[in-house]
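Student: After the structure tokens below, expect a handful of questions from me.
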Amino acid sequence: MSTQAPVRRTTVPQIRARKGGEPIVSLTSYHAHTAAIVDRYADFILVGDSLGMVMHGMESTVGVPLDLMIMHGKAVVRGTKRALIVVDMPFGTYEESPNMAFRNAAKIMKETACGAVKLEGGKRMAETIHFLVERGIPVMAHIGLTPQSSHVMGGFKTQGRDEETWAAHVEDARAVAEAGAFAVVVEGVVEPLADKITAAVAIPTIGIGASKNCDGQILVLEDMLGLNPWVPKFVKMYGDLGPAIERAVAEYAEEVKTRAFPGEEHVYR
Ligand code: KIV
């Protein structure tokens with residue numbers, strides 16, 4: 001008989017209760033093996049639809065299909081045991097109606113066994129967030145720079161440069177919080193606006209390119225590891241894996257060409 005208590009995953013109420021407390025640590029992850037590493041440090045892991053760009057070479061997140069999110073969501077859940085796993089609802093799977101959103105959110109939760117979903121949009125999505133939460137689906141909201149609307153926004157543009165727009169962003173934050181979202185990602189907004197939003201809502205704000213005063217932070221794992229050729233300028237690089245992989249591949253190619261590989265000790269005889 002085991003005497004060890006089972007490790008339990010971080011829960012949605014635990015994340016919600018961190019408002020104004022110890023900062024929430026979060027990263028994206030799309031595969032089982034990186035998720036297993038991140039799991040030891042993150043409170044929640046986001047299977048972000050950024051995987052379309054990072055893993056699949058898409059130009060935006062708009063083309064990401066639901067099945068791809070589910071496939072990566074399953075891998076991340078399999079690779080982890082501690083962190084809350086949040087899976088992004090991709091563009092076109094929730095905006096049309098609360099019913100459609102419920103159908104697709106339920107599919108994500110049933111098939112991946114994740115703990116929550118995330119969707120983009122403020123005030124305009126409040127009714128849908130309420131509908132989902134009332135029916136047992138925890139929702140993380142996402143406001144500010146919302147990449148799924150990049151075509152409307154004219155690209156991945158920092159929001160709130162014009163102070164006159166601040167009230168609408170704060171209203172978005174209040175609307176998703178009142179609708180029942182347990183946390184809200186605040187992406188790509190000027191720092192004083194992010195601080196205003198954090199002060200305005202009773203749920204944790206998770207910043208990305210926003211402010212160090214948010215209740216938590218999230219980064220795209222591949223960005224902070226130095227694996228992406230282009231990263232937004234707010235990203236601090238904690239690794240240099242792109243050049244490290246290139247060096248390893250170049251060394252391998254050289255050894256194959258000069259028949260230095262495989263070494264004697266690696267050959268079956
Ligand atoms: O898709 C994603 O990775 C995200 C984060 C950048 C917050 O939404």
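Student: Restricting attention to the stretch 215-235, which residues are more than 12 Å from the ligand (Cβ to nearest atom) and touching a strand residue (DSSP E or B) at 6+ places or on another chain (Cβ under 8 Å)?
Tutor: 215
Student: Let me ask something additional. For the stretch 247-269, give me the residue count where each residue is loosely packed, with under 10 Cβ neighbours inside 10 Å and β-branched (Val, Ile, Thr).
Tutor: 2
Student: Looking at this structure, is residue 30 open to solvent by less than 10 Å² (accessible area, probe 1.4 Å) and in a loop (DSSP other than H, G, I, E, B)?
Tutor: The answer is yes for residue 30.
Student: In contact with a Pro (Cβ under 7 Å, 6 or more places away or on another chain), away from the ligand (no atom under 16 Å from the Cβ) and not in a helix (DSSP H, G or I): is that true of residue 8 in this structure?
Tutor: So residue 8 does not fit the description; no.
Student: Sticking with this one: Are there any pairs, at least 6 apart or on different chains, whose C-beta atoms fall under 9 Å, with the first in the stretch 32-50 and over 22 Å from residue 146 (Cβ atoms) and the second among the acidic types (Asp, Glu) and within 16 Å of the ligand (Cβ to nearest atom), and if so, which?
Tutor: 34/222
Student: Okay, moving on. Going by what's in this entry, would residue 102 be described as of a type outside the set (Ser, Thr, Tyr), at pLDDT 95 or above and out of contact with any strand residue (DSSP E or B) (no Cβ under 9 Å at 6 or more places or on another chain)?
Tutor: yes
Student: The conditions are (1) open to solvent by 20 Å² or more (accessible area, probe 1.4 Å); (2) closer than 18 Å to residue 76 by Cβ; (3) of a type in the set (Gly, Ala, Ser), and residue 136 fails exactly one of them. Which is it?
Tutor: Going through the list (1) open to solvent by 20 Å² or more (accessible area, probe 1.4 Å); (2) closer than 18 Å to residue 76 by Cβ; (3) of a type in the set (Gly, Ala, Ser), residue 136 breaks only (2).
Student: Return the residue satisfying two criteria in turn: it lies in the stretch 108-120 and is touching a Pro at 6+ places or on another chain (Cβ under 8 Å) and not in a loop (DSSP other than H, G, I, E, B), and of such residues it is nearest to residue 9 (Cα to Cα).
Tutor: 116
Student: Determine whether the stretch 42-62 contains at least one residue that is assigned to a helix (DSSP H, G or I), in contact with a Gly (Cβ under 9 Å, 6 or more places away or on another chain), more than 11 Å from the ligand (Cβ to nearest atom) and among the aliphatic types (A, V, I, L, M).
Tutor: Taking every residue of the stretch 42-62 in turn, none turns out to be assigned to a helix (DSSP H, G or I), in contact with a Gly (Cβ under 9 Å, 6 or more places away or on another chain), more than 11 Å from the ligand (Cβ to nearest atom) and among the aliphatic types (A, V, I, L, M).
Student: Can I ask one more? Any residue that is in a loop (DSSP other than H, G, I, E, B), open to solvent by less than 30 Å² (accessible area, probe 1.4 Å) and of a type in the set (S, T, N, Q) - is there at least one of those in the stretch 93-107?
Tutor: The answer is yes, given that some residue of the stretch 93-107 is in a loop (DSSP other than H, G, I, E, B), open to solvent by less than 30 Å² (accessible area, probe 1.4 Å) and of a type in the set (S, T, N, Q).
Student: Would you mention how many residues in the stretch 139-154 are among the β-branched types (Val, Ile, Thr), in a strand (DSSP E or B) and either open to solvent by 50 Å² or more (accessible area, probe 1.4 Å) or more than 22 Å from residue 77 (Cα to Cα) (or both)?
Tutor: Adding up the residues that qualify gives 1.
The values are calculated or read from the model by the stated rules, or taken from the named source; none is laboratory data. A quick note: this is a predicted structure, and the numbers were derived from the prediction, not measured. Every residue, glycine as well, gets a Cβ built from its backbone with ideal geometry; the counts of neighbours run over all protein chains shown. The protein model used for the area step is the full one, side chains on, heavy atoms only, and it has no ligands, DNA or RNA in it. Shrake-Rupley method; radii C 1.70, N 1.55, O 1.52, S 1.80 Å.
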